[in-house]
1. Collect the residues in the range 62-116 that are at pLDDT below 80, out of contact with any strand residue (DSSP E or B) (no Cβ under 9 Å at 6 or more places or on another chain) and within 30 Å of residue 37 (Cβ to Cβ), keeping them in residue-number order.
2. State whether the residues of the range 47-57 include one that is touching a residue at least 24 places away in the same chain (Cβ under 8 Å) and under 44 Å from the mean Cα position of the chain (by Cα).
3. With free of Cβ contacts under 8 Å to residues at least 60 places away in the same chain, among the small types (Gly, Ala, Ser), open to solvent by less than 90 Å² (accessible area, probe 1.4 Å) and farther than 30 Å from residue 148 by Cβ as the only criterion, which of 65, 111, 116 stands out?
4. Could you please find all residues in the range 17-37 being open to solvent by 50 Å² or more (accessible area, probe 1.4 Å) and under 14 Å from residue 62 (Cα atoms)?
5. Restricting the search to the range 1-16, which residues are over 15 Å from residue 61 (Cα atoms) and part of a loop (DSSP other than H, G, I, E, B)?
6. Among the residues of the range 1-15, which ones are within 22 Å of residue 69 (Cβ to Cβ) and open to solvent by 50 Å² or more (accessible area, probe 1.4 Å)?
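The values are calculated or read from the model by the stated rules, or taken from the named source; none is laboratory data. These figures come from a predicted structure and were not determined experimentally. Here the Cβ positions follow ideal geometry from the backbone for every residue, glycine too, while neighbour counts run over all protein chains shown. The protein model used for the area step is the full one, side chains on, heavy atoms only, and it has no ligands, DNA or RNA in it. Shrake-Rupley method; radii C 1.70, N 1.55, O 1.52, S 1.80 Å.
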Amino acid sequence: QAVSSSNKVTQATTRYLTAQLGDLKSIQRIHYLEFDIDGKQQLLQVLPLKDDRGIDWLVVVVVPAENFMQGVNLRNQWGILLSLAMLALATGLGLLITRWVTQPILQLSDAAQSIAEGQIVQPVTINRVKEVNALTQSFNRMAHQLRATFASLAQTNEELEVRVED
């Protein structure tokens, strides 16, 4: 009898199985259970084994949860570290891409502010981003048209001053 075994784990497991599942001969399917021996959690699997030749056994596997969980905990720690590394990498790449996209927009904003203050700026450099490129080209055309308009107005102003003097 397993309950009379000299092995403490075998005795405790047999008592637990009897308490949880009743008569051991009535076990007909696999069971996965957990129980404690001296305050340490144990993982338990019971598998009935029967055949035509009269074998009617219970295969019982008991593993201390601590042994099993060490590998799981180690994998969890590595998973967390990798997740944090990926988060840092994604954040860094996000910041670089944001800067790459916003820098030309800030240049256009500075150029527009200069025009608003009456200073016609040199053409703004074109960026690789399609939408920013289109905006830059439009801005440069407007700045060119403003230069031409101011030059025309200055020439007209000079002609008017000459006429007034005459």
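1. Selection gives nothing.
2. No, there is no match, as no residue in the range 47-57 is touching a residue at least 24 places away in the same chain (Cβ under 8 Å) and under 44 Å from the mean Cα position of the chain (by Cα).
3. Sole residue among the options that is free of Cβ contacts under 8 Å to residues at least 60 places away in the same chain, among the small types (Gly, Ala, Ser), open to solvent by less than 90 Å² (accessible area, probe 1.4 Å) and farther than 30 Å from residue 148 by Cβ: 65.
4. 30, 32, 34, 36 - these are the residues of the range 17-37 that are open to solvent by 50 Å² or more (accessible area, probe 1.4 Å) and under 14 Å from residue 62 (Cα atoms).
5. Those that are over 15 Å from residue 61 (Cα atoms) and part of a loop (DSSP other than H, G, I, E, B): 1, 5, 6.
6. To start, the set of residues in the range 1-15 that are within 22 Å of residue 69 (Cβ to Cβ) comprises 8-9, 12-13.
The answer is 8, 9.
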